[in-house]
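Report on one structure; see the data block that follows.
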Amino acid sequence: MLCTYRRIPFLLLLVFILSLAGCMGRPSLQDKFSTSVIVIAPATSVTEGQTVTLEAVIANGTNATGTVTFYNGSTAIGTGAVGSSPYSLDGVAQLSTTFSSSGVQSITAKYSGDEFNSSSTSQVTSIGVYSNQLAATSVTLQASTTTPQYQTSVTLTAAVSPSPVSGTVTFYNGTTSIGSSAVNAGTASLTTSFAAGGTATLHAVYSGDYNYLSSTSNSITMNISGPLVTSTSLTASTSSIAIGGSITLTANLSPATVTGTVTFYNGSTVIGTADVKAGIATLNTTFASSGKIALKAIFATNASWETSTSNQISLFVTGNTPNTVVLQVDPSSLVIGNSASLTANISPAGATGTVVFYDGAQVIGTSSVVAGMATYVNLFMVAGAQSLTAVYSGDTTYPSNTSSPVVVNVGNPGPTPTTTTLTLSEYLGYFGDTVTLTAKVTPPSATGQVDFYDNGVFLRSVVLSSGTAAWSQAFTQSYSNSITAVYDGDVTYSLSTSNSQNLELSDNSD
């Protein structure tokens, strides 16, 4: 009778195959499923006498049965029956065992096969077994010489006791590893060299193995002859000079016992050489052309010291074209709380750069030179005669220069009383409105300036003209603005403050 079937689950198909086998006889060897065996160990290293459960997984077969024999090298160490895996069609066999000797154990598993699955053997799985009584070791480090020449070979030898040890020895210079070597008959060696002269402190560390503990050797001090490491730093007596002006370059060498010569460079061009004395080399030089130049210093190597190159520093060399700086101050007489405009006129007008303004020795402001002019507005808050100067920085054409001092007399407000009134162009408005603030000072002959404030915050100073000062301000923040005007007074008239005026602003989106 013909047997027909449609697509059925794999297990039903297996039942069908088994039924056919009952009718037609057992399958031949070539009809069996080809299997593979994988050995799984719980750890790659264990302690001697520790129980280990080895697991062999029969893969690629189907519902494998039979047995698995486990081997350590060529020696059988036990057999486990193959059972079904709860997670797949793979079969699994287990063996719990212990290892009575230390060292690397080479584990394989041989599956016997069954009626439907072929036999197979696993790859080797290595398990490191450590002795449960690791023996102590000691390391003695020796060197072929302790006074080598730099860049010549030195052989370091570590003798590890007892001699049956295996493993590796790592050699160190301070905390830096310089190489490792395997232990052979109780000895490990390393050939190395040192790039420069100096002192090195060496030691060796034995790694330990399955029977022996790790250990650290004695230290050896190496006194290495030859060029010692140096460092060079460069400084200059100034960061800018005029053409023809003298500058002192100083190279500082470390350590201070360095001897030899230092060569100074402008870019790649040598500008001079100097001997090192007490760790210092100096060079006095001048420059014939203007511009920004880069300077460096190089210490030359010799039999005792290694070469070194300094940091790079910049020098600004200005031209030698004559120029003048004239300072003007307006007004030249004022009272505390008033501002004056400081103007530095640089001639010729083609000069560029910056001007720094001084009140005595105190810097009060800096401004760039535009079309031969630099300006700065300063508020004076101390009474007395103020001596003002302007210092021009110079550029690639014109040297730096300083103006003659200009004296500004800052006095206290005079005794004659004044009154200040404030009006606004509007008192109700919206955020963003520009409002004109107008202050009138009586008597109208009063001079000086008026300061405007919004809720106590300074807005602007405006110079009086015929007793009136006005300022237009856009208001964008507060709903309620309390505006006041303060007349600072002059040498004749006293200070006075207006009544506050309220400016109410609202959001124009309301």
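Coordinate-derived values only; no laboratory data. These numbers were taken from a predicted model, which means no experiment stands behind them. Cβ sites come from the backbone with ideal geometry, for glycine too, and all protein chains shown count toward neighbours.
Between the range 271-330 and the range 375-390, what's the alpha-carbon centroid distance in Å?
Each part reduced to its Cα centre gives a spacing of 37 Å.
Place a label point 7 angstrom from the Cα of V326 along the Cα-to-Cβ direction, then list the residues of the range 343-366 whose backbone nitrogen is under 15 Å away.
Only 343-350 fall inside the zone, counting backbone N under 15 Å.
Between 0 and 90 degrees, rounded to the nearest ten: what's the tilt of helix 10-24 against the longest Cα principal axis of the chain?
On a 0 to 90 degree scale, this one is about 20.
Between T416 and T354, take the C-beta separation as r, use R0 = 30 Å, and let me know the FRET efficiency to the nearest 0.05.
Approximately 0.10, to the nearest 0.05.
When the dipole is taken about the Cα centre of the chain, and only Lys, Arg (+1) and Asp, Glu (-1) are charged at their Cβ, what size is it in debye, to the nearest 20?
1580
What length, rounded to one decimal in nm, is gained on full extension from T147 through to T199, with 0.36 nm per residue of separation minus their alpha-carbon distance?
Length gained, T147 through T199: 17.8 nm.
Pick out, from T176, G61, I280, the residue whose Cα sits farthest towards the positive end of the charge dipole of the chain, with +1 on the Cβ of Lys and Arg and -1 on the Cβ of Asp and Glu.
G61
Extending each Cα 7 Å along its Cβ direction at L379 and T121, get the distance between those two points in nm, one decimal.
Placing both labels 7 Å beyond Cα along the Cβ direction yields 9.8 nm.
Describe numerically, in nm with one decimal, the distance between label points set 7 Å from Cα along Cα→Cβ at A76 and at I280.
9.0
If you average the alpha carbon positions of the range 113-169 and of the range 184-207, how far apart do those two centres end up, in angstrom?
17
What ranking do M222, M381 get, fewest neighbouring Cβ atoms within 10 angstrom at the top?
Ordered from fewest to most neighbouring Cβ atoms within 10 Å, M222, M381 come out as M381, M222.
Using the Cα centre of the chain as origin and beta-carbon charges of +1 (Lys, Arg) and -1 (Asp, Glu), tell me which of T192, T416, V457 is placed farthest towards the positive end of the dipole.
The one lying farthest along the dipole's positive direction is T192.
At a 10 Å Cβ-Cβ cut-off, how would you order W471, W305, fewest neighbours first?
W471, W305
Given 20 Å bins starting at zero, what is the percent of C-alpha pairs of the chain in each, up to the one with the largest pair distance?
Bin by bin from 0 Å, the calculated values are 14, 19, 17, 17, 21, 10, 1.
Counting only helical runs of four or more DSSP H residues, what would the 222 nm mean residue ellipticity of the chain come to if each run contributes -39,500 (n - 2.57) and the total is spread over all its residues?
Result for the chain, helices only: -1000 deg cm²/dmol.
With unit charges on the beta carbons (Lys and Arg positive, Asp and Glu negative) and the dipole taken about the Cα centre of the chain, which residue among G384, V104, S404 sits farthest to the positive side?
Ranked along the dipole, the leading option is V104.
Ranking V124, V68 by Cβ neighbours within 10 Å, fewest first, what do you get?
So the ranking, lowest neighbour count to highest, is V124, V68.
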